[in-house]
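In what follows, a single structure is set out as structure tokens and then discussed.
The values are calculated or read from the model by the stated rules, or taken from the named source; none is laboratory data. Note that this is a predicted model, so its numbers are computed, not measured. When we count neighbours, we look across all protein chains shown, and the Cβ atoms used for this are built from the backbone with ideal geometry, even at glycine.
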Amino acid sequence: MRATLLLLSMALAATAPAAAQTYDELIARGDSLDETLDPAGALEAYRQAFATNQTYAAMWKFSVAQVDVAKQLVGNEHEDLRDSLYEVARLYAEAAVRADSNDAEGHFAYANALGQLSRTRGGRERVRFAREIYDATARALALNPDHPGALHVMGAWHAEIRRLSGVTRFFARTLLGAGFMSRASRDSAVVHLERSVANEPDYLFHRLELAQVYLDLDRDDDARRELEMVLSLPPTSDVMDETHQAEARRLLADLRPNER
């Protein structure tokens with residue numbers, strides 16, 4: 001089924017009308033639109049670039065832009081469409097890794113798509129994705145230890161595993177093995193997310209996710225500092241920044257009554 005989806009998606013791209021712009025111009029246009037938080041426009045530019053030349057760069061960039069489009073579809077009424085878009089993003093990332101397995105971006109794109117898909121699922125389904133997300137992210141970090149996106153995904157992975165309920169953790173140990181599950185720790189979540197913040201300090205979601213882990217650890221002062229930073233930075237790092245700031249505002253309001 002997944003292979004069929006990918007073949008259909010690639011066929012649609014390949015049969016698209018020829019664009020007046022060259023491959024390099026389309027990639028540059030997609031990058032520019034991505035920087036200005038227009039993932040739909042970037043996605044279309046990358047799609048046209050892919051139709052012109054089915055390169056590694058066009059594949060992983062398409063995947064990342066597709067995720068940025070899909071994650072804006074919030075609510076249960078959009079679940080089927082959102083998950084379908086994540087699945088296509090995953091397939092393009094897989095194709096990118098096959099094209100070049102020695103670059104971090106393809107592995108990150110795969111972990112990014114699968115990680116976003118996992119966040120829409122229940123605990124047991126998240127567990128089924130856990131090893132693939134971990135392996136792809138670990139490979140990305142082996143190739144680029146300072147990749148801020150991969151550092152974020154790895155930190156989130158550790159945090160999410162530690163947040164699983166006792167019943168789900170038992171299921172996870174049965175499915176993945178106790179040795180694999182023992183890799184997850186909140187300390188590792190903090191280390192990876194702090195490094196993602198250090199490498200990309202203006203990216204709001206790094207700081208929001210780090211604040212949430214600090215709250216898991218009852219490090220309220222550290223969490224408050226990061227939440228205040230989320231609110232003080234301009235919402236120009238990600239298409240979901242206004243949502244991230246709204247969540248930071250909510251978490252900060254819950255913290256403030258406990259100040260001394």
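Numerical summary
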{"read-out": "Exclusive hit being more than 14 Å from the chain's Cα centre (by Cα), at pLDDT 95 or above, surrounded by fewer than 22 Cβ atoms within 10 Å (Cβ to Cβ) and assigned to a helix (DSSP H, G or I), set 51, 42, 96", "value": "51"}
{"read-out": "Among (1) assigned to a helix (DSSP H, G or I); (2) of a type outside the set (Lys, Arg); (3) surrounded by fewer than 23 Cβ atoms within 10 Å (Cβ to Cβ); (4) under 19 Å from the mean Cα position of the chain (by Cα) - the single one residue 89 does not satisfy", "value": "(3)"}
{"read-out": "Residue in region 103-115 that is over 13 Å from residue 149 (Cβ atoms) and surrounded by fewer than 22 Cβ atoms within 10 Å (Cβ to Cβ) present", "value": "yes"}
{"read-out": "Flag if residue 140 is assigned to a helix (DSSP H, G or I), modelled with pLDDT of 95 or more, under 14 Å from the mean Cα position of the chain (by Cα) and farther than 17 Å from residue 43 by Cβ", "value": "yes"}
{"read-out": "Test: residue in region 113-128 that is modelled with pLDDT of 95 or more, part of a helix (DSSP H, G or I) and not assigned by TED's automatic domain parsing to the domain that holds residue 156", "value": "yes"}
{"read-out": "Some residue of region 74-85 being surrounded by 21 or more Cβ atoms within 10 Å (Cβ to Cβ) and basic (Lys, Arg)", "value": "yes"}
{"read-out": "Flag if residue 134 is modelled with pLDDT of 90 or more, touching a helix residue (DSSP H, G or I) at 6+ places or on another chain (Cβ under 7 Å), of a type in the set (Phe, Trp, Tyr) and not assigned by TED's automatic domain parsing to the domain that holds residue 27", "value": "yes"}
{"read-out": "Which numbered condition residue 29 misses (of (1) buried (at least 17 other Cβ atoms within 10 Å of the Cβ); (2) at pLDDT below 50)", "value": "(2)"}
